[in-house]
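The values are calculated or read from the model by the stated rules, or taken from the named source; none is laboratory data. Note that the structure is a prediction, hence the values are computed from the model and not measured. Cβ atoms come from the backbone with ideal geometry, glycine included; neighbour counts cover every protein chain shown. Only protein heavy atoms, including side chains, enter the accessible area calculation; ligands, DNA and RNA are left aside. Shrake-Rupley method; radii C 1.70, N 1.55, O 1.52, S 1.80 Å.
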Amino acid sequence: MFLQVLFLLSATLTIGCGIAVAVTRNLMHSCVFLLGTLIGIAGLYATLGADFVAVTQIMVYVGGIVILMLFAVMLTGGKDFVSRAQNLLGLAPSMGNKWTFALSGLVGVVFILTNVKLLMSVASSLPTKEINNELPSTVNEIGHLLVKDHVLAFELSSVLLLGALVGAAIIARPRKQ
Amino acid sequence: MNQTVVSYLAQYEFFDSLLALFGGNQGLLTFVIFMIFCLAIVGMCATIGGLGTYAERKISADIQARIGPNRVGPYGILQFLADGVKMMTKEDVMPFSADKFLFYLAPMLALVGVFATLAVLPFSTGFTLSDMNVGIFYLIAISSLVGVSVFLGGYASNSKWSMLGGMRGASQIISYEIPVTISILAITLLAGGMGFGTISAHQRGLPTNWFIFHNPFSFIAFFVYFVGALAETNRAPFDLPEAESELVSGYHTEYTGMRFGFFALAEYIEVFVVCGVGAALFLGGSNLPVDLSFDIIPLQLVEVVIFMTKALLLYYVVIWIRWTFPRLRVDQLMSICWKYLTPIAIFNLVGCAIWVVLFNGKSVAQLLMGGGH
């Protein structure tokens, strides 16, 4: 019951803010609504029992990515984008002709049908009983998986990130005359 | 494993009679208990935030050989109520060209981010709202909402001072999160868990069991944490986002009335939360100095008092530092974070890891008293 209420709240937050991100005309407001979407997704993770992933979602996106996006929007002039924003109908004719629209419509229909078929089989196989409220912690398992089973992938990704960091530092460094 | 205040109360007999009172509806009872505790904790912390402003003025007066507020109530202790009434009755001014939506949202986000951290703050072993397995990680993550609010407050005011303050604030909070998080990681390593319950259980008994005295590296980690926490809460000597002499009042220059009050309240409560985390991680948290085998509810209240004493002592030190040290420059701020605190924190983390492997996780006191085994 409690989990269902939380799930519904998170889902409403995610979808509502997601729509707001798309329709709002101010780029800065879009960023703030994106914050709501990402928090909602963290809530969805939490209701599914993935507590570590949920907190990591907040940590990475709210604490890092959204602030960086806000900085980027502000430094590149977020206010100027307001007047240039166009609605979808005004934009549509410039994006293709009737053949491209027909093709993309067909692809969309096939995509939706495939997803519905996949989800139907999942939904019918779900247990009808309510899931247990006592969710186990995932921290220990994630730790074991990261530094025991998948240690190579873990280390490789850390080397990649270090490379990105060094590269960014070299690009941003002021050149000596 | 995820213990809450409800699961703590459920071990007592009166819980069953309460359950009977609610007609066996356990969900409703859980909700009511959580509600009561949330209201109590939020109310208490809001009062601490309000009293923080009084303490700040009184202690600063003491340090500067003045008297400080002394008109409202005995020793001026009701000054914060008078300030609150003043803020609530003041006109809510909004700058003409401000971004209305973000201008209204920013103070709310600051309060939400701070109040959300109270969910895991371990007031005592039983009276923690939720002792999550990812407790400290959650606290670090959710408190970054304050950084967003500082930035948005500065941006939405559409004023140069606010903008500069907001940018300084956001960059400072992001930078100082790194040494603070790495210092906390060292403690997580020693405790073997991220939940406040696990961390607190490892520090039971005498102060020699506290993590600050566990090994030389954790001793340094405490100071790295404390300096970083000062910077993260925008307290002096790191209060560049609201430097009066340069930026009028920084990101909340354009805010008036209760919206300014929200920012001020959020700052003071955040300082309390940060001090509480310091007390819980390094100074033994709410543990009694003796190890008792039984557990009754009055004992929990004693634990709350112990925790609050430690946190408020740190709070005093924070105020003391504010009125003692001059403010840093921006370049000094960044070089302290990136050239000194972060390398020291990483060194501490590696040192703690080596210590755990070498001495099997034993503290200095245990090694001295245990005769080297």
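So for segment B:74-97 (the condition being within 14 Å of chain A (Cβ to nearest Cβ), in a helix (DSSP H, G or I), open to solvent by less than 70 Å² (accessible area, probe 1.4 Å) and not polar (S, T, N, Q)), does at least one residue qualify?
Checking segment B:74-97: not a single residue is within 14 Å of chain A (Cβ to nearest Cβ), in a helix (DSSP H, G or I), open to solvent by less than 70 Å² (accessible area, probe 1.4 Å) and not polar (S, T, N, Q).
Could you go through segment A:29-46 and let me know if any residue there is of a type outside the set (S, T, N, Q) and in contact (Cβ under 8 Å) with a residue 60 or more places away in the chain.
no
Please return the ranges of helices (runs of 4 or more DSSP H) entirely within segment B:255-373 where 3 or more residues are open to solvent by 30 Å² or more (accessible area, probe 1.4 Å) and over 30 Å from residue B:157 (Cα atoms). Break it down into steps so the answer makes sense when it comes.
On the way: elements: B:257-282, B:297-322, B:330-335, B:342-359, B:364-370.
In segment B:255-373, the matching helices (runs of 4 or more DSSP H) lie at B:297-322, B:342-359, B:364-370.
Go through A:44, A:48 for me and flag whichever is surrounded by 11 or more Cβ atoms within 10 Å (Cβ to Cβ), at pLDDT 85 or above and either away from chain B (no Cβ under 14 Å) or under 30 Å from residue B:130 (Cβ atoms) (or both).
A:44
Please go through segment B:61-71 and give me each residue that is part of a helix (DSSP H, G or I) and crowded, with 16+ Cβ neighbours inside 10 Å, ordered by number.
B:61
Collect the residues in segment B:236-254 that are crowded, with 19+ Cβ neighbours inside 10 Å and within 24 Å of residue B:177 (Cβ to Cβ), keeping them in residue-number order.
Listed by number, the residues that qualify are B:236, B:238, B:239, B:240, B:241, B:242, B:243, B:247, B:250, B:251, B:252.
Go through segment B:145-185 residue by residue and tally those that are outside any helix (DSSP H, G or I) and either of a type in the set (Asp, Glu) or open to solvent by less than 10 Å² (accessible area, probe 1.4 Å) (or both). If you could, list the steps in order and put the result at the bottom.
As a first pass, look at segment B:145-185 and keep what is outside any helix (DSSP H, G or I): B:157-159.
In the following step, the residues that additionally are either of a type in the set (Asp, Glu) or open to solvent by less than 10 Å² (accessible area, probe 1.4 Å) (or both) were identified as B:157.
Residues that pass the stated criteria total 1.
(1) out of contact with any Phe, Trp or Tyr (no Cβ under 6 Å at 6 or more places or on another chain); (2) within 14 Å of chain A (Cβ to nearest Cβ); (3) buried (at least 19 other Cβ atoms within 10 Å of the Cβ): which one isn't true of residue B:127, the others all being true?
(2)
Inside segment B:18-50, can you point out the residues that are open to solvent by less than 70 Å² (accessible area, probe 1.4 Å), assigned to a helix (DSSP H, G or I) and more than 21 Å from residue B:132 (Cα to Cα)?
B:18, B:19, B:43, B:44, B:46, B:47, B:48, B:49, B:50
Can you name the residue in segment A:11-33 that is β-branched (Val, Ile, Thr) and assigned to a helix (DSSP H, G or I) and, of all such residues, is nearest to the other protein chains (Cβ to nearest Cβ)?
Result: A:32.
Does residue B:114 count as assigned to a helix (DSSP H, G or I) and either within 27 Å of residue B:38 (Cα to Cα) or small (Gly, Ala, Ser) (or both)? Before the answer, list the steps.
Working: assigned to a helix (DSSP H, G or I): yes; either within 27 Å of residue B:38 (Cα to Cα) or small (Gly, Ala, Ser) (or both): yes.
Considered against the rule, which asks whether it is assigned to a helix (DSSP H, G or I) and either within 27 Å of residue B:38 (Cα to Cα) or small (Gly, Ala, Ser) (or both), residue B:114 comes out as yes.
Which residues, taken from segment B:130-165, are of a type in the set (Gly, Ala, Ser) and facing another protein chain (nearest Cβ under 9 Å)? Spell out how you get there, then give the answer.
Applying the first criterion (of a type in the set (Gly, Ala, Ser)) to segment B:130-165 yields B:130, B:135, B:141, B:143-144, B:147, B:149, B:153-154, B:156-157, B:159, B:162, B:165.
Across segment B:130-165, the qualifying residues are B:141, B:143, B:144, B:147, B:156.
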